[in-house]
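A short worksheet on the structure shown next.
No value in this document is a laboratory result; all are computed from the given coordinates. The structure presented is a predicted model; accordingly, all values stated were derived computationally and were not measured. Positions of Cβ are backbone-derived with ideal geometry, glycine not excepted, and every protein chain shown enters the neighbour counts.
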Amino acid sequence: MQIKEDTLNYLAHLGRIELEAQESKILSGQLKDILDFIDQLKKVDIKDVSATSHILSISNVLRDDLSGESLTREDALKNAPVKEGNFFVVPKVIE
Amino acid sequence: MNYQPVIGLEVHLHLKTKSKAFCGCSTEFGKEPNSQVCPVCLGFPGSLPVLNQTAFFYAVKTGLALNCSIAEFTKFDRKNYYYPDLPKNYQISQYDMPIASEGFLDIESEGKPKRVGIIRVHLEEDAGKLIHRDDSSCVDFNRAGIPLLEIVTKPEINSPLEAYEYLTLLKSTLEYLDVSDCDMEKGSLRCDANVSVRKKSETTLGTKTELKNMNSFKGVRDALAYEIDRQIEVLGSGGKLIQETRLWDPQKLKTHPMRSKEEAMDYRYFPEPDLPPFVIAKDKCAQIKREIPELPRQKVLRFMKEYNLSAYDARVLASSKSNALYAEECLVNYSGKDKKQIVNWLTGALLSQARSRNCPLSGLKVTPSDLIKLVGFVEKQQVSALSAKTVLAQMISTGRAPEEIIKEKNLSQICDESSLEAFIEEAIKENPKSVKDYQQGKQNALMFLVGQTMKKSKGKANPKVVQELLKRRI
């Protein structure tokens, strides 16, 4: 399946990544390969296979409602590109 | 004016758990920014979510209370979008298999019963909080990951008042269930509305707008009323509506379009691979159902039947679980036949005091047994209705028993004729003109003399007895 340029640009936008023309070319080829690879599944006979939403056959993994330790603020903010006081700081997001 | 509004409401609710939905961070409100975060709720690579079972069971409980079918099999999905309040760049939510669906809430609007359909109740996680400044935004992730319940109605609400009544009863129901604080000021309950209008003859839905930023139920009602008028005006003048999100401005009392650089959202939902699915066994469901207390609507109907209360009084008393408990203790133990005598105190003086102090009835230092005693004194005319109000005020501020206050302040009502004789004598002597007027047939003059006698007794005389005595004397 060929990946159209529009589709690729749309996906790049959803993922918030900018692509150079050269990268676009490489990625559309790789995406095609991935989709073709996955498409092989269409040939499998799944008549007797029940639908699943998870790869493991386990369910109901729950924990008790107990509050425990959180990170220290120093650790939480350690890798933030921009911080101020106790806050992460990001570019303005509303007009 | 032949347009019909069509409204659907979406309520988001913080569940009252100690820890977040998928990690052990505390959910306590108002702590230092970014002090309740961990690798899971900050979305660090390699961290894994594990669902909080209290949040899960609260969701089931709410679904049952809203008459929903509970899914036997449910799962979580990733809702993908980029926004700085969302550390993982996806929200763990539920897409096609919500915990509960197809329910309803029976409300009453302008005296008429109405059933509001519920499409779904699902569990998700809240995002962080953004504080916007001139040139940047500050992010606090303490709220990120708090369990959030989304409750969506069918587009079956047809007026702003119905929307208000639905929200009021929903909130009260949730408080009875004890699954949330429902505090709009703290953001633990939020409401968005979808609204459109259509000609009454039409069956298809009109173009809708989504309303956001209402921070009270009154705000929701006002925003809907404004938006309905706006839509009717646009359509009436031959214009066309566009589907958009509009923000309510509580100062200007207007909605305005939310400016957004984004095109239509494309969330690319897919099953959350980090959480295995959940099976809700029938017996577990039945067990949770048994834990559901009597809900506000049932309580209103029972109060009306058992204590012969008016629909209005019953609704006022049952609107909060704690007040209903207090009221019922009064109603059960009050031996008078006409429960209205004690209900008037509960819904009147007592409730207004509680409201002004922002506390429940039980927070007023007045025990049900002391209130019953006070009402009894009024009935036996041992204290006037007016003095009883003074006594109640003292009871509220000191927590002392009514008989002590009446004795100390000398407020007991004077009924016996010999004690009243002197006051009446004085009143007659000082107001010969009024006496004459009454004798010439002016009824008002008698009431004036009653008033004068009351004054002389410092409000302690029983006005009925005074009136009788005056009639006999002049």
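Assorted remarks:
- The Kirkwood radius of the protein assembly as shown, taken over pairs of alpha-carbon atoms, gives through the Stokes-Einstein law at 25 °C and 0.890 mPa s a diffusion coefficient of 85 µm² s⁻¹.
- Between 0 and 90°, nearest 10: helix B:368-379 axis offset from chain B longest Cα axis: 30
- Based on DSSP H segments of at least four residues, each scored -39500 (n - 2.57), chain B has a per-residue ellipticity at 222 nm of -12000 deg cm²/dmol.
- Positive-end residue of A:Leu8, B:Cys182, B:Cys330, charge dipole of the protein assembly as shown with Cβ unit charges: B:Cys330
- Between the alpha-carbon centres of the stretch B:149-199 and the stretch B:290-369 there is a gap of 24 Å.
- Rounded if a/c under 1.5, otherwise prolate or oblate - chain A, Cα gyration tensor axes: oblate
- For B:His132, B:His122, A:His13, B:His12, the sequence from fewest to most other C-beta atoms within 10 Å is B:His132, A:His13, B:His12, B:His122.
- Helix B:217-236 vs. chain B, principal-axis angle (Cα, 0 to 90°, nearest 10): 70
- Spin-label pair B:Ser397/B:Leu241, simplified geometry with 7 Å Cα→Cβ offset, distance in nm: 5.4
- Per-residue ellipticity at 222 nm, computed for chain A from helices alone with -39500 (n - 2.57) per DSSP H run of at least four residues, works out to -11000 deg cm²/dmol.
- Distance from the stretch A:71-85 to the stretch B:370-433 (C-alpha centre basis), Å: 67
- Cα gyration tensor, the stretch A:8-53 - rounded (a/c under 1.5), prolate or oblate: oblate
- Fraction of C-alpha pairs exceeding 18 angstrom in the stretch B:204-335: 74 percent, rounded to a whole number.
- Gyration tensor (alpha-carbon) shape descriptor, the stretch B:417-473, a/c threshold 1.5: prolate
- Simple Cβ-charge dipole of the protein assembly as shown, Lys/Arg +1 and Asp/Glu -1, about Cα centre, in debye nearest 20: 2600
- q = 0.16, 0.18, 0.19, 0.22 Å⁻¹: log10 I(q)/I(0) that the Debye formula gives for the stretch B:296-408, counting C-alpha atoms only: -0.68, -0.86, -0.95, -1.24
- Relative exposure of B:Cys138, B:Cys41, B:Cys285, judged by other C-beta atoms within 10 Å (fewest first): B:Cys285, B:Cys138, B:Cys41
- Approximating the spin labels as points 7 Å out from Cα along Cα→Cβ, the B:Glu408-to-B:Asn444 distance works out to 4.3 nm.
- Evaluated at q = 0.06, 0.07 Å⁻¹, the base-10 log of the normalised Debye intensity for chain B, with identical point scatterers placed on the Cα atoms, takes the values -0.42, -0.54.
- The mean number of Cβ atoms from other chains found within 10 Å of a Cβ in peptide A:47-57 is 3, as a whole number.
- 10 Å Cβ neighbours from other chains, averaged over peptide A:7-17: 2
- Electrostatic bookkeeping for B:Ser397 treats Lys and Arg as +1 and Asp and Glu as -1; over the other residues with beta carbon under 11 Å from its beta carbon, the sum is +3.
- Annotated for the stretch B:417-473: lysine pairs at least 8 residues apart or interchain, Cα distance under 19 Å, count 16.
- With a cut-off of 9 Å between beta carbons, the residues surrounding B:Ser136 carry a summed charge of -1, where Lys and Arg count +1 and Asp and Glu -1.
- Total formal charge among the other residues, if their Cβ is under 11 angstrom from that of B:Arg120, Lys/Arg +1 and Asp/Glu -1: -3
- Neighbour counting of Cβ atoms within 10 Å sorts the residues B:Leu346, B:Leu247, fewest neighbours leading, into B:Leu247, B:Leu346.
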